[in-house]
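See structure below.
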Amino acid sequence: MDNKNIKVEWAVIPAAGRGTRFLPITKGVSKEMLNIIDRPTIDYIVDECLAAGIKNIVFIVSEDKDDIKKYYSEDKKFYDELMSKNKMEYANIIDSIPKKANFYYALQKEMLGLGHAVLQAKDIIKDNNFVVCCGDDITDFNEVSPVKEIVDAFKEVGGKTIVGGKKVSEEEISKYGCMDILEKIDENLYSLKGIKEKPKKEEATSLFASLGKWVFNAKIFENIEKTPRGVGGEIQLTDAIHTMIKEEGAYFYNFKATRYDCGDKLGYIKAVINFALKNDEWKEELIKYLKEKIEE
């Protein structure tokens, strides 16, 4: 296929997890709906996809997670109420949310790992290429969305798997999927020999880590289906990627944007501070306050 004709118009965002690390708040609120100022975490991921030209978003949710669907659904009653009170600015905000993209929902009935979560989107995605973005990994990008970067790389390599991530410290690599590099293709693109899941520091094959963003062709579904349960009795996405590496090759792309792990409490706090400092309305006052707290 001509690389120019390769299309990526779908994204899958797994968001069915229990959010155990954020208990007790996640007993009543999905971790993906924890707010970064006045928007839920997951909305930043949706915007990353929109910035890459992707308008079809599939959320993987559990049976008891209805707050994500509520957020992205039309609420005419609330809209009319705001309009009646002449709060047009707020009315327009809630009216715009469900119009951002085409939203779909797939149910994950058992928590059997990330690979299993992605598989639940098969009937919606069908034979299309698609991006996967973890529901609590967000980035701060200026010009180019990291999703667009990995989609462009996917097209460059002829529609083969791209693992998106960044270089991390020796102390951090044991928390992530560690890339086993075959060859450097260009400044940010590398072909892969394999991926070592959460290696000990001394066993790491590189400091390039998988950070919650991938692009796949539809063959990944077949490989997930034949992937046996691995670590923790779960169907690991990494195991299915290993099969893709053997069958057609796969690549790692080192994206430029700053990434925040909002599934981690400190990572979440850093994200809140970062995006607050980018808001001109309260930036100066916040800097002043932070300086006062540091001096204390």
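The residue among ILE150, LEU50, MET179 whose Cα reaches farthest toward the positive pole of the charge dipole of the chain, with charges on the beta-carbon of Lys, Arg, Asp and Glu, is MET179. Along its first, second and third principal axes, ordered by size, the range 195-296 spans 56, 31, 25 Å in Cα coordinates.
Here the contact order of the range 150-296, divided by its residue count and restricted to Cα pairs under 8 Å and six or more residues apart, works out to 27 percent. From Cα pairs below 8 angstrom and at least 6 apart in sequence, can you work out the relative contact order of the range 59-206, rounded to a whole percent? It rounds to 16 percent for the range 59-206.
Accessible area of GLU292 (1.4 Å probe, protein heavy atoms only, ligands and nucleic acids ignored): about 90 Å².
Over the Cα atoms of the chain, Rg to Rh with Kirkwood Rh, two decimal places? Walk me through the numbers before you get to the answer.
Numbers: Rg = 19.8 Å, Rh = 20.2 Å.
Ratio value, two decimals: 0.98.
The trypsin sites (Lys or Arg not before Pro) of the range 33-94 that meet both conditions, a loop assignment by DSSP and at most 11 other Cβ atoms within 10 Å of the site Cβ, are LYS85.
Quick one: pull the percentage of alpha-carbon pairs in the range 82-175 with a separation above 18 Å. More than 18 Å apart: 68 percent of the Cα pairs in the range 82-175. Once the 1.4 Å probe is applied to the protein heavy atoms, the chain comes out at 53 Å² accessible per residue. Kirkwood hydrodynamic radius of the range 1-106, from the reciprocal of the average inverse Cα-Cα distance over all distinct pairs: 15.4 Å.
The label-point distance for ILE181 and ASP264, in a model that sets each label 7 Å from Cα toward Cβ, rounds to 2.2 nm. Give, as ranges by residue number, the residues of the range 53-91 whose backbone N falls under 15 Å from the point 7 Å along Cα→Cβ of ASN279. Counting only backbone N, you get 90. By accessible area, using a 1.4 Å probe on protein heavy atoms only, the chain has 49% of its surface on carbon and sulfur. Under a Gaussian network description of the chain, with springs only between Cα atoms under 10 Å, the residue in LYS196, LYS219, LYS27 that fluctuates furthest is LYS27. Once you divide the Cα radius of gyration of the range 202-255 by 2.2 N^0.38 Å, the number left is 1.22. Among the GluC sites (Glu not before Pro) in the range 163-212, those located in a DSSP loop and surrounded by at most 10 other Cβ atoms within 10 Å of their own Cβ are GLU170, GLU171, GLU187. For the range 232-286, the set of chymotrypsin sites (Phe, Trp or Tyr not before Pro) satisfying both a DSSP loop assignment and a count of at most 14 other C-beta atoms within 10 Å is given as TRP282. Rounded to the nearest 10 square angstrom, MET88 shows an accessible area of 100 square angstrom against a 1.4 Å probe.
As a test of the formula, what do you get for the chain when each DSSP H run with n ≥ 4 contributes -39,500 (n - 2.57) and the sum is divided by the residue count, at 222 nm and rounded to the nearest 500 deg cm²/dmol? Each step should come with its number before you reach the end.
Working: 11 runs with 99 residues, N = 296.
Computed mean residue ellipticity for the chain: -9500 deg cm²/dmol.
The values are calculated or read from the model by the stated rules, or taken from the named source; none is laboratory data. In this text the structure is predicted, and so the values were computed from the model without any measurement. Positions of Cβ are generated from backbone atoms using ideal geometry, with glycine treated the same way; all protein chains shown enter the neighbour counts. Side chains included, ligands, DNA and RNA excluded: accessible areas come from the protein's heavy atoms. Shrake-Rupley method; radii C 1.70, N 1.55, O 1.52, S 1.80 Å.
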